[in-house]
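The values are calculated or read from the model by the stated rules, or taken from the named source; none is laboratory data. Since this is a predicted model, take the numbers as computed values, not measurements. Backbone-built Cβ (ideal geometry, glycine too); neighbour counts: all protein chains shown.
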Amino acid sequence: MAKGLLEGLVGRGLATDRKYLFVIDGSKALRVAINAAFGAENPVQRCRQHKLENVMGYLPEHLKDQTKAAMRAAFRLPGQGRDGAVGEAGGMAGTRISQRRHELARRFGGDVHGQSDGFVAEPLALSGIHQRD
């Protein structure tokens, strides 16, 4: 389905030789289809709202508001990566979200939402770009 969606866009004239920012809901199939149609060099960011909803689904009610506020605050922080590149997951935003994930993992055992790798990197792929609230 994802491949067909992108093939349809390309068939209607969307250029494949340009660089695009793709914001997706976390679908692995969609990520693979984007890479196949447009190349792996295009930035892909996990939709922050979908990530928040997924994480909230795994938390007890009494922790949801605090965790949601912490994640939203972290999303507004600068996101410079280890090599100083703006937009790479890391920096203050990545640190804050990682700290929250580890805190929740200690309290509840295991990983939050079972996605330690994508918990930080996906929603912060381009956090260095100015965003409107």
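Within the range 22-46, the set of residues being under 23 Å from Phe75 (Cβ atoms), surrounded by 12 or more Cβ atoms within 10 Å (Cβ to Cβ) and either without any contact (Cβ under 8 Å) to a residue 40 or more places away in the chain or more than 12 Å from the chain's Cα centre (by Cα) (or both) comprises Phe22, Val23, Ile24, Asp25, Ser27, Leu30, Arg31, Ile34, Asn42.
The set of residues in the range 1-25 that are in a loop (DSSP other than H, G, I, E, B) and among the β-branched types (Val, Ile, Thr) contains only Thr16.
Among the conditions (1) in contact with a strand residue (DSSP E or B) (Cβ under 9 Å, 6 or more places away or on another chain); (2) in the same structural domain as Ser98 (by TED's automatic domain parsing); (3) among the small types (Gly, Ala, Ser), the only one that Gly26 does not satisfy is (2).
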